[in-house]
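Working notes, structure below.
The values are calculated or read from the model by the stated rules, or taken from the named source; none is laboratory data. The shown structure was predicted, so the numbers you read here are calculated from the model rather than taken from an experiment. A quick note on method: Cβ atoms are made from the backbone with ideal geometry, for glycine too, and the neighbour counts reach across all protein chains shown. Just the protein is used for accessible areas: all its heavy atoms, side chains included, with ligands, DNA and RNA removed. Shrake-Rupley method; radii C 1.70, N 1.55, O 1.52, S 1.80 Å.
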Amino acid sequence: MNTSWFQVKIKFQQVAEGDKVINVTEAYLFDAVSYTDAETRGYQYLANGRQDFQLFSITKMKLVEVFTQEVEEDFWFKCRVQYIIFDEKTKTEKKTAVMMLMNAKDIKHAYESLKERLGTVEDYIISDINVTKILEVIPYEQTPEQILSQGNFKPMNEVVAAEPEPSDAALAAVEENLEE
């Protein structure tokens, strides 16, 4: 199953100190197969914790990797890494930029963790690390069996009816036609 990452933004109203009502915007990242799947998963996931919210934005994010630290960290950082590739034909170096996401407590921790994950090879440049407004990353955790059990799916042998056994009356009619 080919999946992509979708940023889902919601709006809702919250009562703050002094009975003041404020508008709150939150962003979540979902691993989904389409915009529709991201919207569905967003409503399913967020409906448990919010009574009245509006899902107002779904944006596909081009991420090649999402790194999750073992310990839950406060912020999600969008990291731009440029891989340096030597082109044999033109005898020049080419840079290919990719985006990655990582949770960390600060930019320094994100940089060190990313450098550790990428390894000791010196053929890349970490060019940007920016904090995002993403609160939580929700990976796709369902197995294909779970997905099938939730839908209105039936095994093929139940859908394709077996050839019915001919009745005695049908057999008698065929025999009469053959005798004539």
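Label points 7 Å out from Cα along the Cβ direction at residue 179 and residue 115: separation in nm?
Going by the 7 Å Cα→Cβ label model, 9.7 nm.
Quick one: Karplus J couplings for the stretch 112-122, per residue in order, coefficients 6.51, -1.76, 1.60, θ = phi - 60°, nearest Hz, x for Gly and Pro?
So the Karplus estimates, Gly and Pro as x, are 5, 5, 5, 4, 5, 5, 6, x, 8, 5, 9 Hz.
Tell me the per residue accessible area of the stretch 78-119 using a 1.4 Å probe; a whole number in Å² is fine.
Numbers: 2750 Å² over 42 residues.
Here the residues of the stretch 78-119 average 65 Å² of exposed surface.
How many nm separate the modelled label positions at residue 105 and residue 43, each set 7 Å beyond the Cα in the direction of the Cβ?
Computed distance between label sites residue 105 and residue 43 equals 4.0 nm.
Please work out the C-alpha center-to-center distance from the stretch 55-96 to the stretch 25-53 and express it in whole Å.
23 Å
So if we plug the beta-carbon distance of residue 64 and residue 13 into 1/(1 + (r/R0)^6) with R0 = 30 Å, what FRET efficiency do we get, rounded to 0.05?
On the way: r = 37 Å, r/R0 = 1.22.
The computed FRET efficiency comes out at 0.25.
How far apart, in nm, are two points set 7 Å out from the Cα along the Cα-to-Cβ line at residue 88 and at residue 20?
So the label points at residue 88 and residue 20 sit 6.5 nm apart.
What part of the accessible area of the stretch 18-79, given as a whole %, is carbon or sulfur when the probe is 1.4 angstrom?
Working: 1800 of 4080 Å².
On the stretch 18-79, the fraction of accessible area on carbon and sulfur atoms equals 44 percent.
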